[in-house]
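K.L.:
Dumping the structure here so I can ask a few things about it.
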Amino acid sequence: QVRLVESGGGLVQPGESLRLSCTASGSILSIYTMAWYRQTPEKQRELVAAVPSGGSTNYADSVKGRFTISRDNAKNSVYLQMNSLKPEDTAVYYCNADIRSAATFARTNYWGQGTRVTVSS
């Protein structure tokens, strides 16, 4: 079994920062792309940022220059540093990862349970 567990959400004021963390646990052989998505009641789930196991990161245009995604392969973790937060960043943020199981060798896409970020004055 593989799980993704997020942390770091909360309530902040516009212009402030938050750092989200996500750690994968379980029977893991390899982790490929790790990413953050977000969703609001008004919008479909959208990609915020992604970082492949090798290669360059990519970001949604709305967060470029404000958010930074990074990963620590030794810890099976991915992070999202969010600076200069805006009210429109308010959403539930989900961690996503492509993981090959050490038990079955199957490659599966996994989602975390989500962490809520609220930006409001």
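The values are calculated or read from the model by the stated rules, or taken from the named source; none is laboratory data. Source: prediction; values computed, not measured. No Cβ is skipped: glycine too gets one built from the backbone with ideal geometry, and neighbour counts run over all protein chains shown. Each accessible area value is taken on the protein alone, full model and side chains, heavy atoms only, with ligands, DNA and RNA left out. Shrake-Rupley method; radii C 1.70, N 1.55, O 1.52, S 1.80 Å.
K.L.:
Among 103, 24, 91, which one shows the highest mean-square fluctuation when the chain is modelled as a Gaussian network with alpha-carbon springs under 10 Å?
P.N.:
Sorting by GNM fluctuation, first place goes to 103.
K.L.:
Which whole-Hz ³J(HN,Hα) couplings does the range 14-30 yield from phi under the Karplus relation 6.51 cos²θ - 1.76 cosθ + 1.60, θ = phi - 60°, glycine and proline marked x?
P.N.:
Each residue of the range 14-30 in turn: x, x, 7, 10, 9, 10, 9, 10, 8, 10, 8, 9, x, 7, 10, 9, 8 Hz.
K.L.:
Still on this model: Taking residue 75 as the anchor, which aspartates and glutamates have their alpha carbon closer than 16 Å to its alpha carbon, excluding any fewer than eight residues away along the same chain?
P.N.:
6, 98
K.L.:
Taking the Cβ of residue 67 as the center, what net charge do the other residues with Cβ under 12 Å away carry, scoring Lys and Arg +1 and Asp and Glu -1?
P.N.:
Details: positive: 19, 38, 64, 66, 86; negative: 61, 89.
Counting the neighbours of residue 67, the net charge comes to +3.
K.L.:
Follow-up question, since we're still on this one. Using 0.36 nm times the number of residues separating residue 13 and residue 32, minus their current alpha carbon distance, what extension gain do you get?
P.N.:
Between residue 13 and residue 32, full extension yields 3.4 nm more.
K.L.:
Counting heavy atoms of the protein chains only and a 1.4 Å probe, report the per residue accessible area for the chain as a whole number of Å².
P.N.:
It amounts to 53 Å² per residue over the chain.
K.L.:
I need the phi-derived Karplus couplings for the range 55-66: 6.51 cos²θ - 1.76 cosθ + 1.60, θ = phi - 60°, integer Hz, Gly and Pro marked x.
P.N.:
With the stated coefficients, the range 55-66 comes to x, 8, 7, 9, 9, 5, 4, 5, 10, 4, x, 10 Hz.
K.L.:
Here's something else I'd like to know. Can you give the charge dipole size of the chain about its Cα centre, rounded to the nearest 20 debye, using +1 on the beta carbon of Lys and Arg and -1 on the beta carbon of Asp and Glu?
P.N.:
About 220 debye.
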